[in-house]
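The values are calculated or read from the model by the stated rules, or taken from the named source; none is laboratory data. Note that the structure is predicted; figures quoted are calculated from it, not measured. Cβ placement follows ideal geometry from the backbone for every residue including glycine, while neighbour counts extend to all protein chains displayed. Surface areas here come from the heavy atoms of the whole protein model, side chains and all, with no ligands, DNA or RNA. Shrake-Rupley method; radii C 1.70, N 1.55, O 1.52, S 1.80 Å.
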Amino acid sequence: MRRAIRFFVVLLGLFLLAGCLGDEPSAIGPAEAETEDAPQLASSINVFNWGEFIDPAVLGIFRQETGINVIYSMYASNEEMYQRIRAGGADFDVLFPSDYMIERMINQGMLAQLNWENIPNAEHIDDRFWYMPFDPDNQYSVPYMWGTFGIMYNTTMVNEPVYSWDILWNPAFANQIFMYDASRDTMGAALRRLGFSLNTTDINEINAARDSLITQRPLVRAFLGDQIKDLMINRDGALGTVFSGDAVWARQDNPELNFIVPVEGTQIFLDSMVIPSTSIRQYEAEMFINFMTRPDIAYMNTRYVMYSTTNATTFEMLPDYMRDCEIYWPPYEVFYRLEAFADLGDFKEQFERAWTEVLAAN
């Protein structure tokens, strides 16, 4: 909990700006040209990112400006990414893990320390996103996007107030509920519904959350990932658990949809850019991270993926209706219901065990 509290304090100022898209701003400027002293550049780098978490157009811009081709792969969860890297069979140069996973990878020696001289655009990152509990000395990670996890629902299909996780256990919506297919996220929702911390290490609380999800299991249409927002857009379900950026995206295509942070609380996440310690192209990886942190590129990415930017310069470039959107930038009082994930070490196996039992339940 100490880590969650520190995360709370550091991020508290973000919500003082609270209040989902218009003309593109002009570019801040191209990447600095390669000098005679610059090293011979690799012809390509391998980037491993969440699905739909980047504007594909920026990859072409990077190639045009640097001559470096980006071989781009996607993963569906932090755990999938972690296993690929830990197995040693993946030759990746840039990753986009979340807070607790960065902490785990640092502790296991899986990340390279960054050379900040190669990432001058880091100056555009809001000061309040530095010195995070998972990287307290700012040695390994560059903040990228942040957001919340909650309930998206169709206002024409749900004719009762939506304010609590409880509605996902309401038999009236049997076979109309989509749950996110990730142990920490969905177990976390059940834990907060029961009044427990997302980071509990009490086995009785873990088992209570597991039993709660097993009870809910007959009501759930499917456990999915990014597909939830597409199904909700198409009115194939009434309720689904999603991240805030997916909710902003989905509302553009279907204004019947809304999103709430449940009254019992939920998670706040911060995804950052890191370089695995196995990379042999660290200089080129740092060039890519610097490029991604350039305000005009960060603007393209946040407009495309709809998650909240960590780039202070980019935030000021956004149109008012994005900055004032409460899903994109929640109001101050919502913050008191948020908690960040911490790395639980070996205890994470208890979450995985409980989650496996949920998925195996009939």
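Judged by the mean number of other Cβ atoms found within 10 Å, the most tightly packed of the peptides 185-192, 206-213 leads the ranking 185-192, 206-213.
Remark: accessible surface ordering of ASP271, ASP236 (largest first) is ASP236, ASP271, probe radius 1.4 Å. The packing ranking, built from the mean of other Cβ atoms within 10 Å per residue, places the peptides 79-88, 303-312, 276-285 in the order 303-312, 276-285, 79-88, highest first.
The alpha carbon centroids of the stretch 290-335 and the stretch 121-177 are separated by 14 Å. Over all distinct Cα-Cα pairs of the stretch 71-158, the Kirkwood formula returns a hydrodynamic radius of 15.3 Å. For the stretch 111-159, the solvent-accessible area of protein heavy atoms averages 40 Å² per residue (probe radius 1.4 Å; ligands and nucleic acids excluded). Which residues among the stretch 113-133 fall inside the zone where the amide N is under 19 Å from a point 7 Å beyond the Cα of TYR332, along Cα→Cβ? Residues 128 qualify, since their backbone N sits under 19 Å from the label point.
Per-residue SASA remark: PHE92, around 10 Å² accessible (1.4 Å probe; ligands, DNA and RNA not included). Stretching ALA360 away from ASN254 to a fully extended chain increases their span by 34.8 nm, per 0.36 nm per residue minus the current alpha-carbon distance.
Against the empirical 2.2 N^0.38 Å (N residues), the chain has a Cα radius of gyration ratio of 0.98.
Sorting the segments 96-105, 238-247, 260-269 by their mean number of nearby beta carbons within 10 angstrom, highest to lowest, gives 238-247, 96-105, 260-269.
Surface composition of the chain: carbon plus sulfur atoms contribute 48% of the solvent-accessible area (1.4 Å probe, protein chains only, all chains present). Summed over qualifying helices (DSSP H, 4 residues or more, each -39500 (n - 2.57)) and divided by its residue number, the chain shows a 222 nm mean residue ellipticity of -10000 deg cm²/dmol. Computed from point charges on the beta carbon alone (+1 for Lys and Arg, -1 for Asp and Glu), the dipole magnitude for the chain about its Cα centre is near 1060 Debye.
Of all DSSP-defined beta bridges confined to the chain, some 55% are antiparallel rather than parallel.
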